[in-house]
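Read through the structure below, which is laid out as structure tokens, and then see the notes.
The values are calculated or read from the model by the stated rules, or taken from the named source; none is laboratory data. The structure displayed is predicted, hence computed values, not measured ones. Here the Cβ is made from the backbone with ideal geometry for all residues, glycine too, and neighbour counts use every protein chain on show.
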């Protein structure tokens, strides 16, 4: 049947995008409860947009999930924040 083949082809065509979306959902679920270090200084996060920096400094979220729900904080800002937090943690460990 033609409709079945169209569905199969659509599934095959969009499968990489669906897989990528599932991976993003899993990554966000992991980040949801991950704590932001209390001593993290948002002004030191290189590349963080000023709107995000202001929101983070004003509300001081405890987790990346809370930070991601702040108005003005984008997924790119969260990535920069996570990288900075990871580097800071490594620096303290050595």
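Can you confirm whether residue 57 is in contact (Cβ under 8 Å) with a residue 12 or more places away in the chain and not assigned by TED's automatic domain parsing to the domain that holds residue 82? It is false that residue 57 is in contact (Cβ under 8 Å) with a residue 12 or more places away in the chain and not assigned by TED's automatic domain parsing to the domain that holds residue 82. Within region 64-78, if we keep just the residues that are more than 12 Å from residue 36 (Cα to Cα) and not in a loop (DSSP other than H, G, I, E, B), the residue that is modelled with the highest pLDDT turns out to be 77. Here region 45-57 is the region considered, the condition is being part of a loop (DSSP other than H, G, I, E, B) and touching a helix residue (DSSP H, G or I) at 6+ places or on another chain (Cβ under 7 Å), and the residue that is surrounded by the fewest Cβ atoms within 10 Å (Cβ to Cβ) is 47.
One line per residue, one yes/no per condition, for (1) under 25 Å from residue 21 (Cβ atoms); (2) exposed (fewer than 15 other Cβ atoms within 10 Å of the Cβ); (3) touching a helix residue (DSSP H, G or I) at 6+ places or on another chain (Cβ under 7 Å):
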position	(1), (2), (3)
39	no, yes, no
43	no, yes, yes
64	yes, no, yes
68	yes, no, yes
82	yes, no, yes
